[in-house]
Amino acid sequence: MYPRFAKTRIEEALSDTRVVLISGPRQSGKTTLATDIASDKVPFLTLDDATVLQSAVDDPVGFVRGLDRAVIDEIQRAPDLLLAIKKTVDDDRRAGRFLLTGSANLMTIPKVADSLAGRMEIVRLLPLSQTEILETKSGFIDRAFDAKNPVVDKLVIGDDLVETVLSGGYPEALGRKRWGRKQDWYHDYVDAIVQRDVRDVAQIEQLAIMPKLLAVLAEHSGQLVNYSGLGAAVGLNHVTTQKYMRVFESLFLVHSLQPWFTNRLKRLTKSPKLHFLDAGLLAAMRNVTPDTVKKEKTPFGSILETFVFSELRKIATWSEQRCTFSHFRDKDRNEVDIVLENRRGEIVGIEVKSSATVTSSDFSGMRKLAEACGDKFVQGLVLYDHDQVVPFADNMFAAPLSSLWAAT
């Protein structure tokens, strides 16, 4: 069993919060982690069991009434349970009464979005991070906000980096040796999500078109979102395309990375940027393997950017910082791939390069971002496929991609 570094935060939340939700995509390890935390001390109920689900749907109040403490798995399948849980935790305010898991973002389901406000803490659990696979707890984000130089621990470069990125983080896929078998798993995974989970979170009139739309989104990962252009490829208008894309977002398959803005700069793009939340899934959707990258490296760049974005999202779940994520792009096309902003308004910029060379021009967007932020700009990093940390200016560095999983 791989270590899950979000475990400490979940256990801390259970010590002072009535309801804790582990939220993330299917097969990311939520059930395994919840079972490990709860041990055999409390009942475990999964709504993937047809009998349990029927009971929860038919009589949610009765289902919850007899539970002192419980783990309830896949809570999105019976969202009315949340209203019953709200009632019982208002009557009995002890911490740690319910540990829930959910494979959909419950905050996107209107009738339950406000039901547990102030009573529930949500901890995201994405597929395995590289730092968890290597069993070295990363301190990358905390180091960056402390303005400390990046460091490298377990170096991964070249062909090994390509394999690491394209493998993704889903445990089941990682357990398969041959690339064809890995990618078969990802395609079967998408089929299962569309057939089962999409119906739990939305009324979709054209269910059969969802896999085709996801394939189109995969081809545009790492690019600015244009709903009209995306929808045209599958015969959807921009309104329906946006609605369907939000369904994929609620199931933690893709993410719309919002643009960073400031009143100091008027000429900033307002378009979000599309990312998948797992590089292995994206690679499978685009049929990219280590062998295809050896022949043509161009498609690897956007997959690498998705990999870095996903790794940072995972590291943020145990970081001392509480960060928001965005991207920076002005009308002159100066850009920074990922912008992290903490609660103090401090900024760290991350640019991603798949090559082994970095030049001053690779920091052009970072310099624009630093200028816009003033003294709130803490550090700018261009992550690249090399083994050396190279300073380029005060608080700006070229750093190996392996610095992402360097231990604290």
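Since every read-out is calculated from the coordinates, none of them should be taken as a lab result. Computed from a predicted structure; not experimentally measured. So basically every Cβ, Gly included, is an ideal-geometry build from the backbone, and we count neighbours across all protein chains shown.
Counting only DSSP H runs of at least 4 residues, each contributing -39500 (n - 2.57), and dividing by the residue count of the chain, the helix-based mean residue ellipticity at 222 nm comes to -10500 deg cm²/dmol. Working note: Karplus 6.51/-1.76/1.60 with θ = phi - 60° gives region 318-330 the couplings 10, 5, 6, 7, 10, 10, 9, 10, 7, 10, 10, 7, 9 Hz, where Gly and Pro are set to x. Seen against the Cα atoms of the chain and their longest principal axis, helix 7-16 is set at about 50 degrees.
Compared with the dominant Cα axis of the chain, that is its longest principal axis, helix 238-250 is turned about 70°.
The Cα-based radius of gyration of the chain, divided by its Kirkwood radius, gives an Rg/Rh of 0.97.
Across region 7-124, Cα-Cα pairs more than 22 Å apart make up 23 percent of the total. For region 198-207, the Karplus equation 6.51 cos²θ - 1.76 cosθ + 1.60, evaluated at θ = phi - 60°, returns couplings of 4, 5, 6, 10, 7, 8, 10, 6, 10, 4 Hz by residue, with Gly and Pro reported as x. Rounded to the nearest Hz, the phi-derived 3J(HN,Hα) couplings of region 55-68 under the Karplus curve 6.51 cos²θ - 1.76 cosθ + 1.60 (θ = phi - 60°) are 4, 5, 6, 5, 8, x, 5, x, 4, 7, 4, x, 9, 7, where x marks glycine and proline.
Across the chain, the mean sequence separation of Cα contacts (distance under 8 Å, 6 or more residues apart), normalised by length, yields a relative contact order of 18 percent. Working from label points 7 Å from Cα in the Cα-to-Cβ sense, the ASN149 to SER360 distance is 2.1 nm. Amide H contacts of ALA398 (H built 1.01 Å from N, in plane; Pro and chain starts excluded): VAL382, VAL390, PHE392 sit under 5 Å, all sequence-distant by 5 or more or on other chains.
With r as the distance between the Cβ atoms of LYS212 and GLU371 and R0 = 35 Å, compute the FRET efficiency 1/(1 + (r/R0)^6) and round to 0.05.
On the way: r = 43 Å, r/R0 = 1.22.
According to the calculation, E is roughly 0.25.
Within region 128-248, the proportion of Cα pairs with more than 21 Å between them is 58 percent. Packing around the peptides 195-204, 95-104, 291-300, taken as the average count of other Cβ atoms within 10 Å per residue, puts them in this order, highest first: 95-104, 195-204, 291-300.
What does DSSP give for region 130-405 in terms of the percent of beta bridges that are antiparallel, rounded to the nearest 5? Display every interim value, and only then the final one.
On the way: 18 of 30 bridges.
The answer is about 60 percent antiparallel.
Using only alpha carbons, region 302-377 has a radius of gyration to Kirkwood radius ratio (Rg to Rh) of 0.97.
What does the highest-first list of 369-379, 159-169, 37-47 look like by mean Cβ count within 10 Å?
159-169, 369-379, 37-47
What do you get for the angle between helix 158-167 and the principal long axis of the chain? Use alpha-carbon atoms, 0 to 90 degrees, nearest ten. That works out to roughly 20 degrees.
Counting other C-beta atoms within 10 Å, which of TYR384, TYR244 has the fewest, and how do the rest follow? Don't skip to the end; give the middle numbers.
On the way: TYR384 22, TYR244 26.
Lowest count first: TYR384, TYR244.
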